[in-house]
Amino acid sequence: MRISRPTPRTRHHSSSESESVVAGQAPAVELRGIVKTFPGVVANDGVDLTVERGEIHCLLGENGAGKTTLMRILYGLYQPDEGTIVLNGKTVTISSPRKALEHRIGMVHQHFHLVPTLSVEENIILGLDEGPSPLLHSRRTRAKIRDLAKEFGLEVDPQAKVWQLSVGQQQRVEILKALYRKADVLIMDEPTSVLTPQEVSGLFGTLRSLVDAGLTIVFITHKLDEVMQISDRVSVLRKGTIVGTVHTSETDKRTLARLMVGREVVFRVEKPLVERGAVVLSVKDLHTTNDRGLKALNGISFDLYASEILGVAGVSGNGQHELSEVLTGLRRAGHGQAVLQAQDLTHCSAREIADLGVAHVPTERIRVGTVPSMTIRENLLLKRYRQAPFSRWGFLNDTAAKTHAEGAMQEYSISAPHDGVAAKLLSGGNIQRLVLARELCGDPALIIAAHPTYGLDVGATEQVRETLLQQRSNGAAILLISEDLDEILQLSDRILVLFEGEIMGVLPADQADPNEIGLLMAGSRRQEVVT
Amino acid sequence: MRLLSRIHVERRTTPPAWVVVSVSVGAIIAALLVAGIFFRAYGISPLRAYGDILRGAFGSRLGITETIRRAIPLLLIGVGLTVAFRALFWNIGAEGQLLVGAVAASGIALFSGLPGALLLPAMFIGGFLAGAAWGIIPAALKSKLGINDVITTLMMNYIAIYIVEWLIHGPWKGPTMRGFAYTDPFPAAAVLSTVGDTRIHWPTLVIGIAAAIIAYVLVKRTRAGFEIRVVGENPHAAKYSGISHVKVTLLAMAFSGGMAGMAGVGEVAGIHHMLLGPANVTGGYGYTAIIVAWLARRNPLAVIVTAFLFAVLLRGGDVIKVSLGLPFQLVNVFNGLILFFLIGSDILMRYRISFDRKERRAA
């Protein structure tokens with residue numbers, strides 16, 4: 001079946017194909033009583049959601065609230081256990097993404113589904129049946145893509161290979177892919193998490209022009225600012241149920257936050273005034289390569305002081321990960337030096353660096369930071385099982401380990417029945433508390449914290465941030481790597497921006513302007529560097 | 001679809017002990033049932049065959065002692081394998097490690113000229129070192145160069161087999177053996193003492209039981225064991241914690257290979273009293289012990305039980321070969337079926353299945 005695009009600039013789409021139209025206009029999407037369970041979890045517990053035609057509808061909720069699951073049901077990736085989907089007044093069954101596209105629903109996933117070695121246009125027409133001819137109608141396709149791109153501000157070269165594109169451009173390709181398939185309802189899953197502030201404002205412009213052209217957009221996010229900025233209405237999802245749907249103009253951030261979390265939320269953590277101390281870490285002209293052998297760090301130099309948090313901002317994949325690995329001995333430096341209190345780290349093993357008092361909160365806290373099948377007690381010892389009193393003559397002292405574990409669980413409020421519970425049974429917040437309890441034990445001189453609050457709920461996030469600030473007051477030097485710009489701005493004393501393995505600028509946090517940081521993240525270099 | 005929606009499958013995080021035991025027993029029963037088809041195909045009642053196996057293993061004094069002597073190499077190798085498997089190293093090469101251990105022991109017994117009292121200890125030490133060296137080669141290849149451990153350990157079995165063939169046909173061929181491909185018999189001081197007139201070479205059995213206890217303590221209570229477990233359970237976390245993957249893998253495989261090497265010493269010094277054809281020396285113990293270690297769920301102490309269980313099967317295989325005129329390979333088929341069902345049943349332990357009795361609301 002061929003369906004033509006809705007005529008541009010008509011906000012109200014004719015709904016003649018729907019029979020049971022109430023009051024002239026049926027909602028574009030109606031989800032009724034959706035239930036979806038996975039082994040051990042109820043992801044959606046009777047969700048009712050109505051999305052009106054031509055609106056930008058935000059789906060707000062914390063990580064794990066069930067937003068993505070709900071949208072995957074709408075996109076046909078999951079089948080609901082119970083409940084119905086009604087599109088334009090008609091009840092439908094969406095058994096696959098192909099069916100979803102037939103119903104003109106498109107989705108842009110958080111992690112893109114593109115083939116890197118193919119060109120933009122090849123990706124866009126991938127899997128489409130373009131009529132009886134076996135040849136790809138390149139000229140026509142290209143023209144069509146260019147038209148769509150121009151109309152909605154999605155400029156991208158149709159003949160470029162996807163691997164050559166920036167993350168922001170790849171997202172445009174994903175949107176074009178959905179539009180090319182004549183999507184009428186577009187689901188965007190956390191689209192801003194990979195973008196610079198400038199790219200975000202470009203994306204928002206595109207979304208508005210899409211709505212003007214008659215499309216309906218469901219926008220999944222956990223960021224309150226975005227909700228206020230872009231949406232017409234917002235539905236808040238908490239623990240698998242909708243706890244409220246409101247017009248954005250009639251609400252504010254505080255109300256939404258309360259709905260989302262279920263209690264009052266403190267937005268600002270108190271950052272005490274602390275005088276920074278002597279240089280703890282001095283990095284000079286550091287080079288390294290990534291796992292594919294390509295240049296990841298290209299001569300970076302900075303100093304980090306005691307009682308200071310140095311935030312490292314940047315779009316993911318610009319060398320942050322490799323920087324944390326080089327500084328913790330997990331990756332070899334190709335050239336240059338990192339000196340910790342007169343000790344060159346670049347030739348030390350991970351164990352030697354840890355023993356020098358360098359704590360590492362790794363990006364992947366479950367895959368790297370813990371042994372999921374081992375107990376809390378054992379995980380807490382991961383870096384000190386060789387030291388007295390935990391080890392004597394090569395044997396482990398279980399009594400000392402137990403005492404240590406019980407103390408740590410209390411101090412960091414790791415909630416579990418006892419310390420013999422396997423780490424894999426802990427929630428994300430508790431796993432991060434466990435990692436912090438282990439890493440911060442013994443007052444490290446240097447803390448490398450990579451994405452310390454990523455994926456945590458609001459309560460755990462607050463606790464992690466307070467812990468870091470406490471360490472700062474105690475004299476630790478902290479390198480904070482994060483993609484959450486708000487977090488960087490809130491916690492850091494200075495902000496360092498990385499782009500393609502080089503430092504674009506270092507600026508004091510109290511004078512930092514998110515727009516300027518955005519420009520640096522996109523690769524424009526700052527002249528003056530603050531030390 | 002309606003039916004399916006009433007069955008709930010839940011992930012089980014840590015299976016309780018009764019689940020592990022009952023699933024393991026269930027896997028063995030399933031293997032017994034399927035193996036029954038093969039007995040049927042030979043026109044023999046499976047019940048009669050299993051009865052014969054049990055009678056063969058337990059029905060007489062000879063049966064019991066022969067079962068125990070077959071458990072000895074399975075115990076030694078199985079204990080070693082639990083440690084290698086804990087470190088996530090798939091040692092399929094115990095067969096070869098056993099053979100090089102036997103070669104080392106034979107060399108010392110025949111050619112070292114050591115005084116009598118030192119001969120047997122030297123043979124055990126030499127056998128352990130040879131097996132360890134044979135195990136360390138694939139361990140180094142894997143941890144340094146990332147070469148697949150299953151392939152290298154398996155291929156090194158063939159190298160060991162042909163080394164033994166070459167020795168007994170060539171340089172070590174016994175002048176007194178009238179043209180047979182054996183070495184000369186060991187001197188009396190190189191022969192292990194046995195329990196009475198049985199073939200239970202008890203010093204090896206003692207070593208095996210001691211090794212099971214040592215391995216258990218090693219894994220559960222020592223620093224080295226902690227490192228082995230961390231590497232096996234999560235290599236990324238091991239690297240992050242500064243645990244050397246190379247060191248741990250080499251250590252685990254030195255132990256695993258060394259244990260197999262000592263099993264080889266026991267076979268030549270306790271049973272054959274000479275080095276002979278590789279198939280006669282190993283008796284397939286190197287492969288059977290993989291199932292022994294797996295059935296023990298990588299717990300060294302449990303190997304004492306599972307090694308005995310498989311010794312019953314091997315002894316029973318000998319018996320049905322004679323009493324029912326069946327090929328011995330049938331026992332290998334049976335062993336294969338047990339491993340197949342054991343590995344297949346793993347998934348049952350990780351999930352809990354429940355049936356929802358109450359009628360669900362129609363969509």
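Setting aside same-chain residues fewer than 8 positions from residue A:402, which aspartates and glutamates have a Cα under 18 Å from its Cα?
A:378, A:411, A:419, A:439
Could you list the square roots of 5 times each eigenvalue of the Cα gyration tensor of region A:374-441, that is, the equivalent ellipsoid semi-axes, sorted largest first and rounded to whole Å? Walk me through the numbers before you get to the answer.
Numbers: eigenvalues 81, 25, 21 Å².
The answer is 20, 11, 10 Å, longest axis first.
Under the 0.36 nm per residue contour assumption, what length would be gained going from the current alpha-carbon distance of residue A:140 and residue A:510 to full extension? Please report the intermediate quantities before stating the final value.
Numbers: separation 370, 0.36 × 370 = 133.20 nm, distance 5.23 nm.
So the extension gain works out to 128.0 nm.
By how many nm would the segment from residue A:473 to residue A:164 grow when fully extended, if each residue of separation counts as 0.36 nm and the alpha-carbon distance is taken off? Walk me through the numbers on the way to the answer.
Details: separation 309, 0.36 × 309 = 111.24 nm, distance 4.39 nm.
That works out to 106.9 nm of additional length.
If I histogram all Cα-Cα distances within region A:153-310 using bins 10 Å wide from 0, what percent of pairs lands in each bin?
8, 25, 25, 23, 18, 3, 0
In which sequence would B:143, A:249, A:235 go, from the one with the fewest C-beta neighbours within 10 Å to the one with the most?
On the way: B:143 21, A:249 9, A:235 24.
In order of increasing Cβ crowding within 10 Å: A:249, B:143, A:235.
Compute the helix-to-body angle for B:46-58: its Cα long axis versus the longest principal axis of chain B, expressed 0 to 90° and rounded to tens.
Relative to chain B, helix B:46-58 is tipped by roughly 50 degrees.
Straight distance only, please: which aspartates and glutamates reach the Cα of residue A:90 with their own Cα at less than 12 Å, same-chain residues fewer than 8 apart left out?
The reachable aspartates and glutamates, counting only those whose Cα sits under 12 Å from residue A:90, are A:17, A:19, A:30.
What Kirkwood hydrodynamic radius, in Å, does region A:307-451 give when the mean of 1/r is taken over all pairs of distinct Cα atoms and then inverted? Please list the in-between numbers first.
On the way: mean 1/r = 0.0616 Å⁻¹.
Mean inverse Cα-Cα distance, inverted, gives 16.2 Å.
Can you put B:64, A:125 in order, fewest other beta carbons within 10 Å first? Let's see the in-between values first.
Values: B:64 16, A:125 19.
Sorted ascending by nearby Cβ count, the order is B:64, A:125.
Compute the separation of the alpha-carbon centres of region B:191-209 and region A:275-328 and state it in Å as a whole number.
63
Just rank B:306, A:91, B:249, A:363, fewest to most, by other beta-carbon atoms within 10 angstrom. Kindly include the intermediate steps, with their values, before the conclusion.
Details: B:306 23, A:91 11, B:249 26, A:363 19.
Ordered by Cβ neighbours within 10 Å, fewest first: A:91, A:363, B:306, B:249.
Per q in 0.10 Å⁻¹, report the Debye log10 I(q)/I(0) for region B:205-363, using one uniform scatterer on each alpha carbon and no solvent.
Debye output, listed in q order: -0.54.
Which translational diffusion coefficient, to the nearest whole µm²/s, is obtained for chain A from the Stokes-Einstein equation, given a Kirkwood hydrodynamic radius over C-alpha pairs, 10 °C and 1.306 mPa s? Please report the intermediate quantities before stating the final value.
On the way: Rh = 25.4 Å.
The estimated diffusion coefficient comes to 63 µm²/s.
Give me the count of lysine pairs in region B:45-325 whose alpha carbons sit under 16 angstrom apart, restricted to pairs 8 or more positions apart or on different chains. Kindly include the intermediate steps, with their values, before the conclusion.
Values: B:142/B:239; B:142/B:247; B:144/B:239; B:144/B:247; B:239/B:247.
The number of close lysine pairs in region B:45-325 is 5.
What do you get for the angle between helix A:167-180 and the principal long axis of chain A? Use alpha-carbon atoms, 0 to 90 degrees, nearest ten.
The angle comes out near 20 degrees.
With N denoting the number of residues in the protein assembly as shown, provide Rg(C-alpha) divided by 2.2 N^0.38 Å, to two decimal places. Show your work: numbers first, answer last.
Numbers: Rg = 33.8 Å, N = 894, 2.2 N^0.38 = 29.1 Å.
That works out to 1.16 for the protein assembly as shown.
Each label point is 7 Å from the Cα along the Cα-to-Cβ direction; what then is the distance between the points at residue A:275 and residue A:63, in nm?
Each label point lies 7 Å from its Cα, and together they span 3.8 nm.
Enumerate the aspartates and glutamates that residue A:144 could reach by cross-link, defined here as Cα to Cα under 14 Å, with residues fewer than 8 away along the same chain left out.
Reachable aspartates and glutamates: A:121, A:122, A:130, A:155, A:157.
Need one number: % antiparallel among DSSP beta bridges in region A:29-261, to the nearest 5.
Values: 23 of 41 bridges.
Of the beta bridges lying entirely in region A:29-261, close to 55 percent run antiparallel.
In a Debye calculation with equal point scatterers on the alpha-carbon sites of chain B and no solvent, what is log10 I(q)/I(0) at q = 0.09, 0.10, 0.15 Å⁻¹?
Those come out to -0.55, -0.67, -1.31, one per q.
Every number here is computed from the coordinates shown, using simple stated rules; none is lab data. Quick caveat, the model's predicted, so the values are computed rather than measured. Note that we place each Cβ from the backbone using ideal geometry, even for glycine, and neighbour counts take in every protein chain shown.
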